[in-house]
Structure formats: C-alpha cells, structure tokens
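Contents: one structure, followed by commentary.
The values are calculated or read from the model by the stated rules, or taken from the named source; none is laboratory data. The structure displayed is predicted, hence computed values, not measured ones. Here Cβ is always computed from backbone atoms with ideal geometry, including for glycine, and neighbour counts include all displayed protein chains.
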Amino acid sequence: MEGIDAVLLSLPRVEKRVAASYVRDLDVSSLTKYILREDNWEKVRVYLLNEPYYLTLTLAEISNAIWKHCMLYKKVSHKKAKTMFDVVICNL
C-alpha cells in the first residue's frame, strides 16, 4: 500500500495491560484511525513515534475495522485492505 509510513512498520511488538496513568498506551481506535487514514489521522503519528504499548485485542479490533471499511462501507479496496492486514499482522 502506498503511503504507509515507516513509523507504522516499526511499531514495537510489546503487550501491556491497561494502565490509565501510563502515557504511552495507544488506544486501538487511534491506531485504527491512522491505518484507515480517517479524519485527523496525522495527529496520531506523534504518538506512534513515542514507541507506544498496545493491548492484546489490538489485532482483532483493527482487523475488524479494516474488514468493515472494505466489505460493509466500501471505502477501502480489497487490495488495500489486504495490504493493511499484512502490515498490521507483521507489526503487532
């Protein structure tokens, strides 16, 4: 997929439990916004550069969002969705 930043490709492979006070926790919806290039997705990049932690369910939740945008909303092509899945699976 064109335009996937090196930042996304270099996400650390770390699992962490929820800790509301920990600043580097990355909300799944923010990462999904970045991958799907939704409104204000550029603002999420700053958090990705700070080596965020993410939760175990991140893969399932992001995959579900990509699937919905491809199959239900028709906003993402099958080819682009496959590339998004590949990038997410290789980096989480």
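So the values come out like this:
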{"read-out": "Candidates Lys80, Lys75, Lys68 - the one that is over 13 Å from the mean Cα position of the chain (by Cα) and not in a helix (DSSP H, G or I)", "value": "Lys75"}
{"read-out": "Single residue of the stretch 22-54 satisfying the filter (touching an Asp or Glu at 6+ places or on another chain (Cβ under 9 Å) and part of a loop (DSSP other than H, G, I, E, B)) that is modelled with the lowest pLDDT", "value": "Arg24"}
{"read-out": "Selection count where residues are modelled with pLDDT of 90 or more, exposed (fewer than 13 other Cβ atoms within 10 Å of the Cβ) and of a type in the set (D, E, K, R), scope the stretch 60-92", "value": "2"}
{"read-out": "Hits in the stretch 27-48 (condition: surrounded by 12 or more Cβ atoms within 10 Å (Cβ to Cβ) and not charged (D, E, K, R))", "value": "Val28, Ser29, Ser30, Leu31, Thr32, Tyr34, Ile35, Leu36, Trp41, Val44, Tyr47, Leu48"}
{"read-out": "Residue check, Ala19 among the small types (Gly, Ala, Ser), modelled with pLDDT under 70 and exposed (fewer than 13 other Cβ atoms within 10 Å of the Cβ)", "value": "yes"}
{"read-out": "Subset of the stretch 40-86 (residues that are hydrophobic (A, V, I, L, M, F, W, C) and without any contact (Cβ under 8 Å) to a residue 24 or more places away in the chain)", "value": "Trp41, Val44, Val46, Ala60, Trp67, Cys70, Met71, Leu72, Ala81, Phe85"}
{"read-out": "Condition met for Leu57 (at pLDDT 65 or above and exposed (fewer than 11 other Cβ atoms within 10 Å of the Cβ))", "value": "yes"}
